[in-house]
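Reading through the C-alpha cells given below for one structure.
The values are calculated or read from the model by the stated rules, or taken from the named source; none is laboratory data. Please read all numbers here as calculations on a predicted model, not as lab measurements. Here Cβ is always computed from backbone atoms with ideal geometry, including for glycine, and neighbour counts include all displayed protein chains. Note: areas computed on protein heavy atoms with side chains; ligands, DNA, RNA excluded. Shrake-Rupley method; radii C 1.70, N 1.55, O 1.52, S 1.80 Å.
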Amino acid sequence: TQAGVILGTAAYMSPEQARGQAVDKRADIWAFGVVLYEMLTGRQAFTGETISDTLAAVLRAEVDWEAVPAGTPASIRKLLRRCLTRDRKQRLQAIGEARIALEEQLADPAGSSVVMAAPALPVQPAWQRALPWALAGVLALALLLAGISLYRLASREERVVRAFIPAPPGTVFDLDGVSPGPVTLSPDGSKLAFTARDEEGKVLLWVREIDSVAARPLSGTEDAQYPFWSADSRSVGFIANGKLKKIDAAGGPPLSLADAPNGKGGTWNRDGVILFAPGPSAPIHRVPEAGGESTPLTEINTERGENSHRHPWFLPDGRHFLFVARISAGLAGEEGSAVLVGSLDGAEPRLLMRSESNALYASGHLLFVRENTLMARPFDPGALEFTGDAFPLAEDVQYITGGAMAGVFSASQNGVLAYLTGEAGGYSQLRWLGRNGRELGTVGGEAAQFDVRLSPDQRRVAVARLESASGVPDIWIYEIDRGIATRFTFDPTADVYPVWSPDGRRIAFASRRGGGAGPDIYLKPYARSGEAELLLADDQATLVPTSFSRDGRYLSYLSIAGDTVDLWVLPLEGDRKPIAFVQTPFLEGDGQFSPDGKWLAYASHESGRWEIYVTPFPGPGRKWQISTAGGSWARWRGDGREIYYHAPDGALMAVAVRARGDSLEINPPERLVENIGAPNSQLPAYDAAADGRRFLVNLPAAAERNDPLTLVVNWPADLKE
C-alpha cells in the first residue's frame, strides 16, 4: 500500500485502502469490524456486482445497523461502531481494546444493558456464538501485526502481491472496441501506461509509476491508441490521428515517426527499431526510433488466407518478434487468427499456434487469452519452441473482438503482470441530436454497433452490430417508427459497412464470405428474402462500399491493398468496369456523392492529416478543400447546400457550399455539436438527416463498467506451488 496501489480484498478494505492512501493498523481494525459484523448478522457489510461497486460501497454506503440482532449487547454494538468508523481518528486505535471489550462481555454476559427474554428453546444467541470466535480473531490479528516486520524481511522473490488500480478520477479505461490499450507495463515493471477517457469523451495517454499514488496525463496524446514502451522504459510509443508517435514518459511534446492511418499495435527493441502495424489490412512495418519512412517487414500470405498482420511483440533477443496474422481461410480452413514468429532479417515467419488473441513473451512463457482466460504456455525464445502445455493464469480477462482482436493484459520482463477483468466496453446508443447538440430521442437499444446509415426515406437505420457469442459483426436494421430491430445478414463471417441504394430497396455491404484477401462487395434486397449477390471482388485488395449516386448508376468504394487506400467508382450499368477515381500516393477515404450526383466529397491524408475535399464527378476538374483543421466522414445535406464532417477534436462541423457552374463557393466551417466521439479512420460515428436539422450519432452507452486494473507482482512464484 505504500506504493500507492489498492491492495487487499475489496469487501474488507478500509476506506483509506480503497482510496489508495497510506494505511496503518487501523485498516486491520476496520477489517476486523467487517468480519465481526458478518459473524453477527450473517451478511456482508459491503458488497456490489463488481469490484468497483464494492469499493464504492466501502467509501460511501452506510452500514445497515438494523441487521445487527436486537439482542446484541450494547457494549458489542459500541465496539462494532468504533471499528467501522470511516474517520480513522475516531476509529478504535488498538486491537487490544477490542480484546478487553470481548473478554469482559464473555465473563459477564448478564451485565449487559440489554435484557433478553428467555427463549422457548435453549438456543444460544448469535452474539454469544460469535464472540469467542471474534476473540480468537483478535488474538490472531495481534499476532499478525506483530509478525509484519518479520514478514517484510522474508525473501521477496517468493512473495506474490496482488493489487487493484482504478482509473484516474473522472475517467474510465478507454475500451471502445477499437483501442485495446488501457494498460501496458514498462519492460522493467516500474511503470504503467494506459489510455483513459474523461466524462467529455476526451482520450489521453496516462503514465503511473508503480510506487506513486496517482497517474499523470501526457499532454498532446489526444485519441491515443495501442501504447507500447521503449526497451529502456523511458518512452512510450502510440498511434493517434493517423500517425505513429512517441513521447517521453516524464512528459514533453510527442513526436510523429511515421504514417499509421489505422494502426494496430507496436513494439520497440533495445537497438532503436520500432515495428508496428500501420493499418488493419497491412503487413508489419519497420521504422527507426528517430522516425522516417517505414518499410514493410512481413508479407501477407494470401495463399494461407492471411489478410492482416498486427500486434507485434519483440522477443528478448530483439531480432525475433511475435505477431498475429488474421485468417479468412487456410491453415485450419476457417476464419480466425494465428500467432507467428518473424525476424528482422525478413525470413519466412513461423507458425506457433492458432489463437484469437495477441500474444507476448514474459518470464519464460507465452501469454495469450483464450475464451476470456489468460493463459501461459512455457516457451523457449532461443529455440522458438513451446516446452510445455498451456495453463490458466487468470479468469474473466477482457477480450476485445472486432477490429481489435486483443486481450487486455500486459507483462514486464521481471514478473509484473497487469490485466483488466470483465466484459469489454464498446456498447453504444444511437441518439438523435439537434444542431445545438440537444438530444431529441434514441433509436434502438444499447449494443456493440457501428457504421450508422440512414435509409433514403429516413425511416430505417442500418448498422453493423457485433454478436456477443461469436464476436463477428452482422448488419441489423432498426425500424424507427415501429421501434424494432431485425437482423439482415447471417453469414458466419463479418458483414460490415452497409450502404442503402437510392430507392431504399437494396443494401450494399462488405463481407468476407468469399474467402479472398479481404472483404468483397455484396448487394442484398432489403424487403424480400434472397441471397446476397456478389457485386465486386478483388483477390489483391479489401473493398469497402461508401455511397450510391442518386440515380443509382454508380457505387463509390475504397480499395485497400496493404498500406494503399484509393477511391474507386463502380458503374452499375454496361460492362461494370471499375474506375480509379482518386488514386494517389496518399490515403483516401469515404467517398460521398452529392445529391445531384455532380460532386464527390472524400477524405484524404495528403496533407499529413485527414481533410475533406470535394471534386466534380465524373471529372476531370480541380478539388476544393472543405475542412480547415482536419476532418473525416463527410455527409451531404439533402439539398446539397451543406457538407458535414467529423473534426479531429470530436466536434461535428458544417460547411455551407454553393455550386456555381463548375466551381464551388465555400463558407467557413461552423461547429454544431461537441464530442460526437473520437474520430477514427474506420468507423463513422454519425449520419445526417436530409433536412440537416438533426443527426443520428452513435454515442457510448450511458452506463459503463469501470473495473480497476488487476496488478500482480512476482506472478511466476505462483507456478512453483
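The set of residues in region 421-436 that are open to solvent by less than 70 Å² (accessible area, probe 1.4 Å) and modelled with pLDDT of 90 or more comprises L430, R431, W432, L433, G434.
The conditions of being modelled with pLDDT under 90 and assigned to a loop (DSSP other than H, G, I, E, B) are not met by T489.
Okay, residues lined up against (1) in a strand (DSSP E or B); (2) over 26 Å from the mean Cα position of the chain (by Cα):
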site: F450; (1), (2): yes, no
site: P456; (1), (2): no, yes
site: I475; (1), (2): yes, no
site: A485; (1), (2): yes, no
site: Y497; (1), (2): yes, no
site: F509; (1), (2): yes, no
site: L535; (1), (2): yes, yes
site: V544; (1), (2): yes, no
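Go through the residues of region 243-255 one by one and say whether even a single one is crowded, with 22+ Cβ neighbours inside 10 Å, in a loop (DSSP other than H, G, I, E, B) and either within 19 Å of the chain's Cα centre (by Cα) or at positive phi (or both). No; the residues of region 243-255 include none that is crowded, with 22+ Cβ neighbours inside 10 Å, in a loop (DSSP other than H, G, I, E, B) and either within 19 Å of the chain's Cα centre (by Cα) or at positive phi (or both). Residue-level analysis places L79 among those that are open to solvent by less than 60 Å² (accessible area, probe 1.4 Å), part of a helix (DSSP H, G or I), touching a Gly at 6+ places or on another chain (Cβ under 9 Å) and not charged (D, E, K, R). For region 565-591, which residues satisfy the criterion of being farther than 16 Å from Y613 by Cα, modelled with pLDDT of 90 or more and among the small types (G, A, S)? A580 - this is the single residue of region 565-591 that is farther than 16 Å from Y613 by Cα, modelled with pLDDT of 90 or more and among the small types (G, A, S). Scanning region 18-66 for residues that are in a helix (DSSP H, G or I), under 29 Å from the mean Cα position of the chain (by Cα) and touching a residue at least 24 places away in the same chain (Cβ under 8 Å) yields A18, I51, S52, T54, L55, V58, L59. Screening region 458-473 for residues that are modelled with pLDDT of 90 or more and outside any strand (DSSP E or B) and picking the one that is surrounded by the fewest Cβ atoms within 10 Å (Cβ to Cβ) gives R459. Of the residues screened, S549 is not one that is surrounded by 20 or more Cβ atoms within 10 Å (Cβ to Cβ), in contact (Cβ under 8 Å) with a residue 12 or more places away in the chain and in contact with a Pro (Cβ under 7 Å, 6 or more places away or on another chain). Could you tell me whether P187 is open to solvent by 10 Å² or more (accessible area, probe 1.4 Å), closer than 20 Å to L275 by Cα, in a strand (DSSP E or B) and touching a residue at least 40 places away in the same chain (Cβ under 8 Å)? In short, no.
All of (1) modelled with pLDDT of 90 or more; (2) open to solvent by 30 Å² or more (accessible area, probe 1.4 Å) hold for L558 with one exception: (2). Within region 609-647, the residues that satisfy the criterion of being assigned to a loop (DSSP other than H, G, I, E, B) and of a type in the set (A, V, I, L, M) are I626, A629, A647.
Restricting attention to region 551-608, the residues that are part of a loop (DSSP other than H, G, I, E, B) and small (G, A, S) total 7.
Scanning region 570-585 for residues that are under 34 Å from the mean Cα position of the chain (by Cα) and open to solvent by less than 90 Å² (accessible area, probe 1.4 Å) yields V582, T584.
Residues in region 296-324 that are within 16 Å of G265 (Cα to Cα) and either open to solvent by 40 Å² or more (accessible area, probe 1.4 Å) or part of a loop (DSSP other than H, G, I, E, B) (or both): P296, L297, T298, W313, L315. Filtering A656, A702, A629 for residues that are at pLDDT 95 or above and either of a type in the set (D, E) or surrounded by fewer than 18 Cβ atoms within 10 Å (Cβ to Cβ) (or both) leaves a single hit, A656.
Can you confirm whether A258 is modelled with pLDDT of 90 or more and more than 29 Å from I560 (Cα to Cα)? Spelling it out, it is not the case that A258 is modelled with pLDDT of 90 or more and more than 29 Å from I560 (Cα to Cα). Tell me yes or no: at least one residue of region 212-231 is in a loop (DSSP other than H, G, I, E, B), among the aliphatic types (A, V, I, L, M), farther than 19 Å from A418 by Cα and open to solvent by less than 30 Å² (accessible area, probe 1.4 Å). Yes, that holds for at least one residue.
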